[in-house]
Every structure is written in structure tokens, then in C-alpha cells.
Amino acid sequence: MAKNSASTTCFYSLLLISSILFASHFHASEAQAPVVKGLAYNFFGQTCPNLENIVRNHLTKVFKSDNGQAPGLLRIFFHDCFVQGCDGSLLLDGNPGEREQPPNAGMRTEALKTIDDIRALVHKECGRTVSCADITVLAAREAVFLSGGPNFPVPLGRKDGTTFSIKLTSNLPQPFNTTSVTLKTFAAQNFDVTDVVALSGAHTFGRAHCGTFFNRLSPLDPTLDQTLANNLKATCPNANSGNTANLDIRTPTVFDNKYYLDLRSKQGLFTSDQDLNIDSRTKGLVNDFAVDQNLFFEKFANAFIKVSQLNVLVGNQGEIRAKCNVVNGAKKSVLKTLVDEGMELMNQF
């Protein structure tokens, strides 16, 4: 009888453990953003199985000598996807192109080169099977993970676009915006309040030029910590200074939740940052992420995946570029972009 009782207890223990594991797996799967048609997590399982190792190994070496490229790569990803989708249009050379527009000022040229360096390594091993758009997404994910952030899978299978858009760079969120404007900007791309606060956490590492936050120094913004304001004034005597300041004063090179502690201490750098801790729609999430890094990581990963699937080109759409900064048949495609946008401007008059 004792033996049967022990067996029964063991059975129910195993059943409980299995139920917990199943529930955990289900919750994790449920938390992820749905995958758009044409993309897949195992898209290159057969054609380029070592893809993610190539990207991670190369960036591990890069960040050892220049960890400033990590936030640079994440910024490239966001600024590419928010214009006309994750199609690598930001990578294209133009005269001018997207990179020459004010919202993209200060884009790291070294990080742009790193994306094409990875493209060369990948194409050498797998042939021209992986797009620059996919490499940009993978590089941004690795920038997060290798800097201390979450490790999460991303769906792949994007194609590169053949045009860029100067006009649509106006879609990009601005550091001077209040939370109301920021929420409206993101809502246009179907992001909710949680997504906005989580994605803003990307400012947990990296640096910003004086012109992006000088509006808080002159006149002095009362929501800015006085000691930080004094330090920033010493760094930035005027808005045109070429100097930079850390986005996160606590752990400026680590991807963690300290950014939200900054906000609670009036130490956010941008207006768009600090206002998150003032607006009633976002302040609670700032507090939640400040005390629970795992929660921040979960919500950030989910929002990242949503960003990575904005207006993607798949299947027979687009192309896989031989070099990330030029389309295959560059002169014709880039000229078409400039002519189209020129005609559009002329039609406005």
C-alpha cells in the first residue's frame, strides 16, 4: 500500500511539473508578436544554418573594440523600419538619401559598415541568400543581447527594397516630443502604450548630440535634475556643439532597466524620455520596468519583433542586395526614387 501511495505521489508530482512547464511555454509563446506571412523563425534553417552564429561571432569581436556600435546598430534598425518598413532603405546611398535627413543625423558610419561586413561574411558562406534587411534586424538583436539585454528569436525572410523615401523620414519619433505626440506617432504604426514605453528603453545605452536635448537646458526644464543640467551645460555650451552626452547616466554601455530609474530621478535626457514619467498613461509602466527588469526585457523583445515586421517585403518582392548601400542596378533605381519624389513635390504646387 505504501509503495502504491509513493507511486501515486510521484505520478502527480510529474504531472504537476509537466503542467507548469507547459504553461510556461504557452505563456512565452503567447507573449511573442505574431509572425507576418512570408517570414519564419527558421527561414534559413536549410539555406544558411550558421547565419546567426556568423552575426554573433562577428559582433562579439566588433564590440570588444567599439561598444558604441551596439546602440548605433539598434538605432539603424529602428530608423530603417519606421520609414517605409524594414527594407534596408536607410542603408542606401543617396544624394541625398534617408541618412542625410535631420532625424537621421549622427548615424554611425562604422555601424553601417559593420552591417555590410556581416553581409559579406554571410554571402561568402551561404551565397546571396540573406538580405541586408534581415542582417540589420539580426545585428540589432545582437546589439541588445551582447550588451546585457534579452536573447530572443526574430522571424526572418525579408527582402531588400529598391527605393528609399526622404519624405517618410518625417514618420520618425523626435526627441523633443511630448508623450502625447510620441504615442500618436507610434499608434500610426499600430503600437500601443506598453510598446512605446518598452521601446523607449532602447535609450538605456548610447550617446546623443547636444542639439537633441539643448531645448531642456535653455531655458532650463524644471523636470530636469539640477546637477545633471549643470553637467550637461558644461558639455554643451550651445545647441550646435559637436559634443555628446550619455543617454543613461547610470550604466551608459549596458542594456538594462536603469533608464527607467533615470526617469524616476528626473535624469532622462530627452523631452520624450522624461515626459514618460509625467504622463499618467505611461508613468505606471515606467515604475513597473524600473523595479522589474525581466518584465522590461519581455515587453521590449515583443515590441522589437513587432517593429521588425513593419511593412516587410517577402517572396518575390524586392531583392537581395549584393552590397547593402546600393541596389542591384543602382543607377536606375535610385534615379527613379529621386524622380518620383521630385514629381510628388511638384504636384503640390
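The values are calculated or read from the model by the stated rules, or taken from the named source; none is laboratory data. Predicted model, so just to flag it, every value in this text is computed and none were measured. With ideal geometry, Cβ positions are generated from the backbone for all residues, glycine too; neighbour counts draw on all protein chains shown. Heads up: the accessible areas ignore ligands, DNA and RNA and are worked out on the full protein's heavy atoms, side chains in. Shrake-Rupley method; radii C 1.70, N 1.55, O 1.52, S 1.80 Å.
Of the helices (runs of 4 or more DSSP H) lying entirely inside the stretch 219-312, those containing at least 3 residues that are surrounded by fewer than 15 Cβ atoms within 10 Å (Cβ to Cβ) are 226-235, 283-291.
I need the full set of residues from the stretch 286-320 which are β-branched (Val, Ile, Thr) and in contact with a Pro (Cβ under 8 Å, 6 or more places away or on another chain), in order please.
Residue satisfying the conditions is Ile305 alone.
Of all the criteria given as (1) touching a His at 6+ places or on another chain (Cβ under 8 Å); (2) aliphatic (A, V, I, L, M); (3) crowded, with 21+ Cβ neighbours inside 10 Å, the one not satisfied by Leu51 is (1). Among the numbered criteria (1) exposed (fewer than 15 other Cβ atoms within 10 Å of the Cβ); (2) at pLDDT 95 or above, which single criterion is violated by Leu335? Status for Leu335: all satisfied but (2).
Against the criterion of being in a helix (DSSP H, G or I) and surrounded by fewer than 14 Cβ atoms within 10 Å (Cβ to Cβ), Ser200 does not qualify.
The set of residues from the stretch 87-123 being at negative phi, assigned to a loop (DSSP other than H, G, I, E, B) and surrounded by 24 or more Cβ atoms within 10 Å (Cβ to Cβ) comprises Asp87, Leu92. Among the residues of the stretch 55-78, those identified as touching a Lys or Arg at 6+ places or on another chain (Cβ under 9 Å) and of a type in the set (Val, Ile, Thr) are Val55, Ile76. Of all residue pairs spaced 6 or more apart or on separate chains, none has beta-carbon atoms under 6 Å together with a first member in the stretch 124-147 that is farther than 17 Å from Val312 by Cα and a second member that is modelled with pLDDT under 95. Could you check the stretch 149-197 and list, in sequence order, the residues that are among the acidic types (Asp, Glu) and part of a helix (DSSP H, G or I)? Asp195, the sole residue that qualifies. Determine whether the stretch 171-194 contains at least one residue that is open to solvent by 10 Å² or more (accessible area, probe 1.4 Å), in contact with a strand residue (DSSP E or B) (Cβ under 7 Å, 6 or more places away or on another chain) and charged (D, E, K, R). The answer is no; no qualifying residue exists. Checking each residue in the stretch 132-170 for being open to solvent by less than 20 Å² (accessible area, probe 1.4 Å) and among the aromatic types (Phe, Trp, Tyr) picks out Phe152, Phe164. With respect to the conditions (1) part of a loop (DSSP other than H, G, I, E, B); (2) modelled with pLDDT of 95 or more; (3) within 29 Å of Asn257 (Cβ to Cβ), Val130 falls short on a single one, namely (3).
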